[in-house]
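Asker: The structure follows.
The values are calculated or read from the model by the stated rules, or taken from the named source; none is laboratory data. All figures in this text were calculated on a predicted structure; none of them were measured in a lab. These area figures cover heavy atoms from the full protein model, side chains too; ligands, DNA and RNA do not enter into them. Shrake-Rupley method; radii C 1.70, N 1.55, O 1.52, S 1.80 Å.
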Amino acid sequence: MRYEICYLVGESKEMELEEIKKRVAEALVFEKAELLDPEISEKRKLAYRIGREIRGTFVARRFNVSREDIEASQKTIANIGKKLNLDQDILRFLVIKADNLPPLKEREAVREPQKEFARTKYQRTRREIPSAKPAEKRPEPEKQEKTVSTGEEIDKKIEEILNI
């Protein structure tokens, strides 16, 4: 059966990354797993802090377990998990069945969006409506003069409104 292992190594252990990859490969070979190529590594910022790490390297690798019995292959995967749990340099790991997964490949570079067609809310275009009449000018509202009211005038208006 074909499996894929993906594990995370913190940025502080980046200098020891090749040694950690070698230890993981030895753990897989010890359990009689056949390593497959390619091995993918990618540095990324983590979604949340793990321990004191905010960045890390994700490593993905596929391998075959040549056990015919399903229970025996499950025990092999469990043994691999136990060994990786004891390794303090590996922050997280995941082993999944890869029989129906697409082939492993490097992540493509993210393309920048084309800016020539992008519009902001201030760059809207006007549509011409051929059948519409030109807009007539609206009469300007009459400006009311502001008057300063005294306290007595205000009291009278309040009494009028409240019918007191």
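Asker: If the cut-off is a Cα-Cα distance under 20 Å, which aspartates and glutamates reach Lys75, setting aside same-chain residues fewer than 8 apart in sequence?
Answerer: Straight-distance partners of Lys75: Glu4, Glu26, Glu31, Glu34, Asp87, Asp99.
Asker: Would you check the accessible area of Asp89, probe 1.4 Å, heavy atoms only, in square angstrom rounded to 10?
Answerer: Roughly 20 Å² of Asp89 is accessible to a 1.4 Å probe.
Asker: Could you compute how much accessible surface Glu152 exposes when probed at 1.4 Å, giving the result in Å² to the nearest 10?
Answerer: Its heavy atoms expose roughly 140 Å² to the probe.
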